[in-house]
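Here is the structure we will look at, set down as structure tokens.
Throughout, read-outs are computed from the coordinates displayed, never taken from laboratory work. Since the model is a prediction, treat every value here as computed from it, not as a measurement. Every residue, glycine among them, receives a Cβ derived from its backbone with ideal geometry; neighbour counts consider all protein chains shown.
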Amino acid sequence: MTAVVELEGVRKRYGEIDALAGVSLAIQRGEIVAMLGPNGAGKTTAISVMLGLRRPTAGRVRLFGLDPTDRRARSRCGAMLQESGVPPVLSVREVITLFRAYYPAPLPADRVIALAGLEDRAPARVGTLSGGQRQRLYFALALCGDPEVLFLDEPTVGMDVEARRTFLDAVRALAADGRTIVLTTHYLEEADALARRIVVIDHGVVIADAPPREIKARIPSKRVHFDTVAALDGAVLEGLPVTAVERSGSQVRLLTAEPEAVLRELFRRGVPIADLEVAGADLEEAFLTLTARPGRPP
Ligand code: ATP
């Protein structure tokens with residue numbers, strides 16, 4: 001079966017920067033794939049190349065087995081990109097009606113509005129929407145053509161908790177209909193909540209491509225911070241399931257994928273712990289350890 005998206009050795013160079021430095025990837029029909037990576041990793045460039053909006057410097061790109069600029073391929077796609085523009089004086093429903101008119105077999109306007117959670121804002125002018133509502137409108141516009149594949153570039157930026165929940169439910173419903181979803185995000189939690197496959201991109205290369213469970217085990221996504229009150233013998237921190245240990249006076253900072261196991265072991269060793277804090281690690285920092293240890297078993 002022809003892959004929906006196929007990249008083979010794709011490079012994209014902007015001046016001195018290799019935004020994509022040799023990416024090979026195939027996405028099959030019905031997959032939900034999250035491309036995860038820090039700022040500047042190459043996620044937006046990858047989506048732009050898949051959609052034929054940017055030409056790769058080298059390598060091969062196929063969308064439904066065709067050149068991505070081919071209208072027959074493009075008409076089967078919906079895209080929500082970071083910089084979209086919509087006339088501010090039209091109402092939400094008017095813009096949706098306008099976009100639907102571009103497609104041969106659009107989704108009904110009410111279904112688009114409901115999927116995007118815009119029922120209350122349908123009569124409102126686009127210019128009066130909040131940032132999060134505007135994101136929902138862009139999502140609605142990506143759906144108008146009843147696309148077989150949806151490309152969503154950082155779709156939840158600016159959405160509040162409720163809007164994100166509506167959005168995640170809508171994406172799941174669309175995927176359940178057999179659609180293919182490709183989205184980018186900075187958030188491991190979001191990738192995990194939606195995708196069955198996570199492609200981690202860093203510095204223009206794919207550094208991991210696996211189901212969320214495997215990625216979570218490999219990315220030290222939690223930071224454990226505590227105060228040992230008194231000076232500590234460093235040996236007591238050896239052999240913990242961590243990827244980084246930082247000490248500054250009595251302060252200890254650990255990077256780990258398994259905070260519970262780390263804490264269990266610290267308590268077992270009788271390490272005095274005060275001011276304990278467990279928080280999500282900075283993804284950039286986590287990626288550094290992932291790149292530094294390629295091939296590390298999950
Ligand atoms: P973010 O999460 O910040 O959106 P990203 O993973 O989507 O980042 P890209 O936007 O693909 O990353 O950018 C990859 C690299 O290419 C960055 O170093 C960026 O500065 C550079 N880049 C992107 N577009 C251009 C352009 N039009 N001209 C020059 N450099 C560019």
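Quick notes on this one:
- ALA101-ASP282 FRET efficiency (beta carbon distance; Förster radius 35 Å; 0.05 resolution): 0.20
- Total formal charge among the other residues, if their Cβ is under 11 angstrom from that of ILE32, Lys/Arg +1 and Asp/Glu -1: +3
- Taking the Cα centre of the chain as origin and assigning +1 to Lys and Arg Cβ atoms and -1 to Asp and Glu Cβ atoms, the resulting dipole is close to 920 debye.
- Of ALA170, ALA261, ALA19, the one that fluctuates the most in a GNM where the chain has Cα springs shorter than 10 Å: ALA261
- For the chain, built as a Gaussian network whose Cα springs stay under 10 Å, the top-fluctuating residue of PHE267, PHE151, PHE64: PHE267
- Length-normalised contact order for the chain - Cα pairs under 8 Å, 6+ apart - percent: 19 percent
- Listed residue (VAL262, LEU115, VAL4) projecting farthest to the positive dipole end of the chain, Cβ model: VAL4
- Full extension of the chain segment joining ALA26 with ALA231 gains 68.6 nm, where the gain is 0.36 nm per residue of separation less the Cα-Cα distance.
- Estimated FRET transfer efficiency (ARG72, GLU16; beta-carbon r; R0 41 Å; 0.05): 0.70
- Local charge for VAL10 was computed over the other residues whose Cβ lies under 12 Å away, with Lys and Arg +1 and Asp and Glu -1, and equals +4.
- Taking packing as the residue-averaged number of other Cβ atoms within 10 angstrom, the listed peptides 186-199, 74-87 run from highest to lowest as 186-199, 74-87.
- Residue with peak Gaussian network fluctuation, the chain [Cα springs, cutoff 10 Å], from ARG253, ARG55, ARG134: ARG253
- Gain on full stretching of the segment that runs from GLU162 to GLU238 - 0.36 nm per residue minus C-alpha separation: 23.1 nm
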